[in-house]
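A quick write-up on the structure given underneath.
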Amino acid sequence: MDLLNKLTKDASKGKKKFAVLVDPDKSTTASLKKLAGIASKAGVDYFFFGGSLLMHGKGGAQISYLRDHSDIPVILFPGSSLQVYPNAHGILLLSLISGRNPDMLIGKHVESAALLRAGKLEILPTGYMLIESGKPTSVSYISNTQPIPSDKSDIAVCTAIAGEMLGLKLVYMDAGSGAINPVPGEMIRRVKENISIPLIVGGGISDTVKAKTALKAGADVIVIGNAIEKNPKLITAISELLK
Ligand code: 1GP
């Protein structure tokens, strides 16, 4: 499966995508079954799979379960190198370009490189940018990095441009899971205007209004986790919006 090529082609045609974030720590067999059913019916484009922590060792089995119950590609969105499951379709190889923690920029990648190369996961090189969202998030705490202030669009723009110049293939702007405030529309618009690679936006998108704001501003892919855990029916409403 050529996930990156398809995503890039679709983004260039203005075809928007919807990714549902599955946090292994918050998922059970029953919740995954329900999720796979609703998401397949609604035409969700991707499952992103990962979380900040790892409270159990069932991630691989959960991915198999998702794959058995839907045809939606599972893309790893790893909170750490412990979350590299070989049975997913692909992995967002995240370089945390908004931060200045060398381990998150290149260190973890070096540790995982040989394993990734030997495996079958499609690699999606991603410039990951954390955006300040009202209160400290798990990602900023765990990654030991400071997010970009939400009113500093220039910094976000230059960070994204640098990421693209370095050869990264996707930019992911994230307000962090459960963020009070999602990434501001104005910042999304400015970043989108200045890059030619697809833009993923997530964190704190909790209803159709916020989803619409992100999409209209220029997000090529929106990612929703928390709000769907609370209300799986939101999947259908968001899918309708994309159509
Ligand atoms: C977090 O972008 C994702 O990394 C999704 O965030 O859980 O707030 O939807 P939410």
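The values are calculated or read from the model by the stated rules, or taken from the named source; none is laboratory data. Because the structure is a prediction, the values reported are computed rather than measured. Cβ coordinates were reconstructed from backbone atoms using ideal geometry, including for glycine residues, and neighbour counts include every protein chain displayed. With ligands, DNA and RNA removed, areas are computed over all heavy atoms of the protein, side chains included. Shrake-Rupley method; radii C 1.70, N 1.55, O 1.52, S 1.80 Å.
Structure notes:
- In the set A156, A162, only one residue is out of contact with any helix residue (DSSP H, G or I) (no Cβ under 6 Å at 6 or more places or on another chain) and either free of Cβ contacts under 8 Å to residues at least 60 places away in the same chain or open to solvent by 20 Å² or more (accessible area, probe 1.4 Å) (or both); that residue is A162.
- Any chance S140 is of a type outside the set (V, I, T), more than 20 Å from E186 (Cα to Cα), within 15 Å of the ligand (Cβ to nearest atom) and surrounded by 15 or more Cβ atoms within 10 Å (Cβ to Cβ): yes
- Any hit, segment 189-197, residues being under 20 Å from C158 (Cα atoms), assigned to a helix (DSSP H, G or I), more than 13 Å from the ligand (Cβ to nearest atom) and in contact with a Ser or Thr (Cβ under 8 Å, 6 or more places away or on another chain): yes
- Test: residue in segment 75-93 that is surrounded by fewer than 16 Cβ atoms within 10 Å (Cβ to Cβ), hydrophobic (A, V, I, L, M, F, W, C) and free of Cβ contacts under 8 Å to residues at least 12 places away in the same chain: no
- Put simply, of K26, K33, K41 the only residue that is at negative phi, basic (K, R) and touching a Phe, Trp or Tyr at 6+ places or on another chain (Cβ under 9 Å) is K33.
- Residue pairs whose Cβ atoms lie under 9 Å apart, separated by 6 or more positions or on different chains, with the first residue in segment 33-54 and hydroxyl-bearing (S, T, Y) and the second surrounded by fewer than 21 Cβ atoms within 10 Å (Cβ to Cβ) and assigned to a helix (DSSP H, G or I), are S40/H69; Y46/L3; S52/D25; S52/S138; S52/Y141; S52/I142.
- Residues in segment 28-73 that are over 17 Å from the mean Cα position of the chain (by Cα) and outside any helix (DSSP H, G or I): 9 in all.
- Every residue from segment 198-243 that is within 13 Å of the ligand (Cβ to nearest atom) and in contact with a Pro (Cβ under 7 Å, 6 or more places away or on another chain): G203, G204, I205, K210, A214, V221
- Selection count, segment 178-188, where residues are crowded, with 23+ Cβ neighbours inside 10 Å and either β-branched (V, I, T) or in a loop (DSSP other than H, G, I, E, B) (or both): 4
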